[in-house]
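The values are calculated or read from the model by the stated rules, or taken from the named source; none is laboratory data. Given the structure is predicted, the values throughout are model-derived calculations rather than measurements. In this analysis, Cβ positions are derived from the backbone assuming ideal geometry, glycine residues included, and neighbour counts consider all displayed protein chains.
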Amino acid sequence: MNLTNVPAKAGLSEKIGYGFGDLSSSMFWKIFSYYLPIFYSDVFGLKPQHAAFLLLVTKLYDAVSDPVMGIIADRTETKWGKYRPYLLWIALPFAIVGVMSFFTPNWGYAAKHLYAYVTYLLMMTVYTAINVPYGAMLGVMTDDPHEKSVFSSYRMFFAYIGSFLSMGIFAIFEKQVGGSVGNAAPGQWTAWVGVIAVICLIFFLLCFAMTRERVKPEPKEQGSIGKDIKALVSNGPWWLLLGGSIGILLFNSIRGGSAAYYFSNVLGTNALLTCAVFLLVGELAQWLGVVFAVPISDRIGKKATFLSVLIVTALLSCIVWFLPNTPGGFWTLMVLQVLICIAIGINSPMLWSMFADVADYSELKHGTSSTGLIFSSSSMAQKFGGAFGAFLLMQVLAWAGYVAGADVQSDGTLSAIKALMSFIPAIGSLIGIVCLAFYPLTTKKVKEIQAELEVKRNQK
């Protein structure tokens, strides 16, 4: 791996430009994580168990498409670099398919069910095609571990701006339709998601225009795909980080997706704030957390930062179960939302930076960094965690007898919704804690890897 003759540190505009990419991805990801379940059940008209199975089955496809995209991106050679061109090529398809996913055709149930499968699979395909190369760019924009953390912080800082915009747009949407998007007309959903799609298109193109690839990996040898895959599956730190990633994403998707049901059914229509505002406050808190990510990880290390976040989120989430449905209980819920989301915001940049460390570990141990393939696993974890979380959410609702559009749910259903906001997402954090406890790439180990790699690179 060699460096071009450019400054080691990128300028502020490039870091902002890199952040624009996740601003776009996060806008749609938040809509899919928080509102797709209630869209499918209350607007599109799918039965909860059918929606749950749809979200799970598509992840089997993603388990293949993400690594394949990583392999393709690693072997892409253009005048713009390996990974950056996909921002230009896929931006428009991403926007178009996103809108299609929230369109409700006036068809029979079976045809609509099929349409949901096709559009969701297409959306995950274009998301993979743009997000895997985008994530892999972190490994080729700089070779400095601290700079990777800084780039990750900018990425997550702007990701939360995207989430904030997305939740803000949906807060306006909720106000327009009387406080419940589940009661909105299908055409209103399509129009509002269309606004988000246009914003995403613009910022993906800005990300392409404002970034550069600096680190030039050695060209891939023909027939080295098997070597790359073998290196990946034998990479112990990758497996452990993947498990930690899935754990925290399970936490986010279950808790975020259940919020709309919690506000509509447990708190009721007289809740002091709408669900969208609750989620918006969370995005602001995560945004604040990003600011502290680099200082905290520099002080205690990336692994300790991630572990601390998992412990905090598990404990605070469980408290929600015990909150009374009173004004005091509501404001306690808001305080917990802020604290949980600050913790998640602190962790988010570290996760991407840690995958970059795993790529360096792979290069040292196996002689191949396979940056795109490794970062595809982070995208796979994001989608698998999100979709499996949504599957569990919808399946629990189906088991508990949730009735879409009902004014009053049964006591068992209400208890299930409370569990989805408390104990159940905490299980995801516990999974992550177990995985991260054995993660070997401490700050000291990463520095040793960087020193050895520097010697090897200078010898080439």
* Structure fact -> Scanning the range 401-430 for residues that are hydrophobic (A, V, I, L, M, F, W, C) and under 19 Å from Leu56 (Cα atoms), the one surrounded by the fewest Cβ atoms within 10 Å (Cβ to Cβ) turns out to be Ile427
* Structure fact -> Within the range 383-405, residues being over 19 Å from Ser422 (Cβ atoms) and not in a helix (DSSP H, G or I) number 4
* Does Ile346 satisfy the condition of being surrounded by 24 or more Cβ atoms within 10 Å (Cβ to Cβ) and not polar (S, T, N, Q)? -> yes
* Asked: Pick from the range 301-313 the residues that are surrounded by fewer than 18 Cβ atoms within 10 Å (Cβ to Cβ) and without any contact (Cβ under 8 Å) to a residue 40 or more places away in the chain: which of them is farthest from the chain's Cα centre (by Cα)?
  -> Ala304
* To do: Six or more apart or on different chains, Cβ under 7 Å: which pairs go from a residue in the range 398-409 that's closer than 16 Å to Pro37 by Cα to one that's modelled with pLDDT of 80 or more and surrounded by fewer than 18 Cβ atoms within 10 Å (Cβ to Cβ)? Could you list them?
  => Ala398/Gln49; Ala400/Gly412; Gly401/Ser410; Gly401/Gly412
* In the range 136-147, residue farthest from Ala276 (Cα to Cα) [restricted to those that are modelled with pLDDT under 80 and crowded, with 20+ Cβ neighbours inside 10 Å] -> Asp143
* To do: State all residues of the range 358-370 that are surrounded by 24 or more Cβ atoms within 10 Å (Cβ to Cβ) and at pLDDT below 70; if no residue qualifies, say none.
  => Ser369, Ser370
* Candidate set: the range 149-184, residues that are charged (D, E, K, R) and modelled with pLDDT under 80; chosen: the one surrounded by the most Cβ atoms within 10 Å (Cβ to Cβ) -> Glu174
* Asked: When you look at Phe375, is it farther than 14 Å from Leu441 by Cβ, surrounded by 23 or more Cβ atoms within 10 Å (Cβ to Cβ) and among the aromatic types (Phe, Trp, Tyr), yes or no?
  -> yes
* To do: Please go through the range 132-190 and pick out each residue that is in contact with a Gly (Cβ under 9 Å, 6 or more places away or on another chain), among the β-branched types (Val, Ile, Thr) and under 14 Å from Glu14 (Cβ atoms).
  => Val140
* So which pairs qualify, if the first residue must be in the range 77-102 and of a type outside the set (D, E, K, R), the second must be surrounded by fewer than 16 Cβ atoms within 10 Å (Cβ to Cβ) and part of a loop (DSSP other than H, G, I, E, B), the Cβ gap must be under 7 Å, and the two must be at least 6 apart or on different chains? -> none
* To do: Only residues that are in a helix (DSSP H, G or I) and either among the small types (Gly, Ala, Ser) or without any contact (Cβ under 8 Å) to a residue 40 or more places away in the chain (or both): list them for the range 410-427, please.
  => Asp411, Gly412, Ser415, Ala416, Ala419, Ala426
* Quick one: would you say Met124 is over 30 Å from Glu454 (Cα atoms) and in contact (Cβ under 8 Å) with a residue 12 or more places away in the chain? -> yes
* **Single residue of the range 243-277 satisfying the filter (more than 18 Å from Gln409 (Cβ to Cβ) and not in a helix (DSSP H, G or I)) that is modelled with the lowest pLDDT** => Leu272
* Structure fact -> Across (1) modelled with pLDDT of 90 or more; (2) farther than 30 Å from Gly70 by Cβ, Ala343 clears everything bar (2)
* State whether the residues of the range 135-157 include one that is over 30 Å from Glu448 (Cα atoms) and touching a residue at least 40 places away in the same chain (Cβ under 8 Å). => no
* Asked: Within the set of pairs 6+ apart or on separate chains, which have a first residue in the range 314-332 that is assigned to a helix (DSSP H, G or I), a second that is among the small types (Gly, Ala, Ser) and at pLDDT 90 or above, and C-beta atoms under 6 Å apart?
  -> Ala314/Ala426; Ala314/Ser429; Ser317/Ser422; Ser317/Ala426; Cys318/Ser422; Cys318/Ala426; Val320/Ser422; Trp321/Ser422
* Asked: For the range 429-449, does any single residue satisfy the condition of being in contact (Cβ under 8 Å) with a residue 40 or more places away in the chain, outside any helix (DSSP H, G or I) and of a type in the set (Lys, Arg)?
  -> no
* Quick check: anything in the range 64-84 among the β-branched types (Val, Ile, Thr), modelled with pLDDT of 95 or more and surrounded by fewer than 24 Cβ atoms within 10 Å (Cβ to Cβ)? -> no
* To do: Kindly indicate whether Val97 is closer than 20 Å to Thr190 by Cβ and buried (at least 19 other Cβ atoms within 10 Å of the Cβ).
  => yes
* Asked: Of all residues in the range 1-45, how many are at pLDDT 80 or above and assigned to a helix (DSSP H, G or I)?
  -> 31
* Asked: Among the residues of the range 69-83, is any in contact with a strand residue (DSSP E or B) (Cβ under 9 Å, 6 or more places away or on another chain) and in a helix (DSSP H, G or I)?
  -> no
